[in-house]
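Participant: The structure is given below, and queries will be raised subsequently.
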Amino acid sequence: MSEPTKPMPSEFEKAAADARSESLVSEFLDFLAQNKKWWLAPIVIVMLLLAALIFLSQTAAAPFIYTLF
């Protein structure tokens, strides 16, 4: 009995198999640098701050946040 031959992996499969352990943040920064889209950074930062505010408003820290405004 002969084993079936496996096709050669594509470039995409080779890239996926690489053992790079980059974080999401470093990949996003690489994207911004390579594509010259630095204008996206303030938008993302504001969205993260808003998400943090929404999360904290549902916790025991809510009374402290409400006093800031």
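The values are calculated or read from the model by the stated rules, or taken from the named source; none is laboratory data. Bear in mind the structure is a predicted one, so any value in this text is a computation, not a measurement. Protein only, heavy atoms only, side chains kept; ligands, DNA and RNA dropped before computing areas. Shrake-Rupley method; radii C 1.70, N 1.55, O 1.52, S 1.80 Å.
Participant: Step by step: first the residues of segment 46-69, then only those that are polar (S, T, N, Q) and open to solvent by 80 Å² or more (accessible area, probe 1.4 Å), then the one that is modelled with the lowest pLDDT. Which residue is that?
Facilitator: Thr67
Participant: Of all residues in segment 28-45, count the ones that are assigned to a helix (DSSP H, G or I) and open to solvent by 90 Å² or more (accessible area, probe 1.4 Å).
Facilitator: The number of residues fulfilling the criteria is 2.
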